[in-house]
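S.K.: So that we are looking at the same thing, I have put the structure below in structure tokens.
The values are calculated or read from the model by the stated rules, or taken from the named source; none is laboratory data. All values reported here derive from a predicted model rather than from experimental measurement. As a convention, Cβ positions derive from the backbone with ideal geometry for all residues, glycine included, and neighbour counts pool all protein chains shown. When the accessible area is computed, the model is the full protein with side chains, heavy atoms only, and any ligands, DNA or RNA have been set aside. Shrake-Rupley method; radii C 1.70, N 1.55, O 1.52, S 1.80 Å.
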Amino acid sequence: MVVMSRFAESLPEGYGHVVLIGVGSVFVNMWMAINVVRARKKFEIEYPTLYSPTNKEFNCIQRAHQNTLEGYPQFLLLLFVGGLQYPKITAATGLVYLVGRVAYAIGYYTGEPEKRRYGSIPLSLSQLVMLGNVISFAFHQLRWAPCN
């Protein structure tokens, strides 16, 4: 028999889905990091060089990962805080975000940056939904909006 902590018991039903999306984001980031390492070997770009002055394809692969890292803290905040009030909606939009991140990277990996736009739409929409969830949570927690 598994005994959960009081903290875990206080989380809303379905919050485990939110946690699993957070774990999934670690795997997406690892996949992108592995792709950067492979590109470094393929194009002979030595550390600590962040971007190549001559290799656009490498730069696109590196930039896809760098862009993901730049937005990662915001994603985690939106995911874990929004999930406190809306765990299922937040987990679902978090999954859309991760799928969008993968599509964004695959498009960018072509060496044609404009192809990253295919992932940009789900990324942007999912971030807006999660942002709305967090704002709603804050308003309810501050009692600025009625609680049910």
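S.K.: Once R0 is set to 25 Å, what does the formula 1/(1 + (r/R0)^6) return for the Cβ-Cβ distance between W144 and L77, expressed as a FRET efficiency to the nearest 0.05?
M.R.: 0.80
S.K.: How much of the calculated P(r) for region 1-55 lies past 19 Å, in percent of all Cα pairs?
M.R.: Summing the P(r) of region 1-55 above 19 Å gives 55 percent of all pairs.
S.K.: When the chain is treated as a GNM, springs tying every alpha-carbon pair under 10 Å, which of R116, R38, R63 comes out with the largest mean-square fluctuation?
M.R.: Comparing R116, R38, R63 in a Gaussian network model of the chain, the most mobile one is R38.
S.K.: Compute the Cα gyration tensor for the chain, then decide on rounded, prolate or oblate, letting a ≥ b ≥ c be the square roots of its eigenvalues: rounded whenever a/c is under 1.5, prolate when a/b is larger than b/c in the other cases, and oblate in all that remain.
M.R.: Prolate shape, in that a/c is at least 1.5 and a/b is the bigger ratio.
S.K.: Accessible area per residue of the chain at 1.4 Å probe, in Å²?
M.R.: On a per-residue basis, the chain sits at 62 Å².
S.K.: Calculated FRET efficiency, K42 and S124, Cβ-Cβ r, R0 22 Å, to nearest 0.05?
M.R.: Result of the calculation: an efficiency of 0.10.
S.K.: Quick one: Cα centre-to-centre distance for region 37-79 and region 92-124, in angstrom?
M.R.: That distance is 15 Å.
S.K.: Ok, one more. For helix 15-43, what angle does its Cα long axis make with the longest principal axis of the chain, in degrees from 0 to 90 and rounded to 10?
M.R.: Tilt of helix 15-43: around 10 degrees.
S.K.: Testing the spin-label approximation: label points 7 Å from Cα along Cα→Cβ at T54 and V2. State their distance in nm.
M.R.: 5.4
S.K.: Go ahead and estimate [θ] at 222 nm for the chain from helices alone: -39,500 (n - 2.57) per DSSP H run with n ≥ 4, summed, over the residue count, rounded to 500.
M.R.: My calculation for the chain gives -25500 deg cm²/dmol from helical runs alone.
S.K.: GNM, the chain, Cα, under 10 Å: largest mean-square fluctuation among V18, V28, V37?
M.R.: Residue with maximal mean-square fluctuation among V18, V28, V37: V37.
S.K.: Kindly rank 73-79, 7-13, 91-97 from highest to lowest mean number of other beta carbons found within 10 Å of each residue.
M.R.: Most protected by this proxy first, the peptides run 91-97, 73-79, 7-13.
S.K.: For the chain, with a Gaussian network of springs between Cα atoms less than 10 Å apart, report the residue from F27, F43, F137 with the top mean-square fluctuation.
M.R.: Comparing F27, F43, F137 in a Gaussian network model of the chain, the most mobile one is F43.
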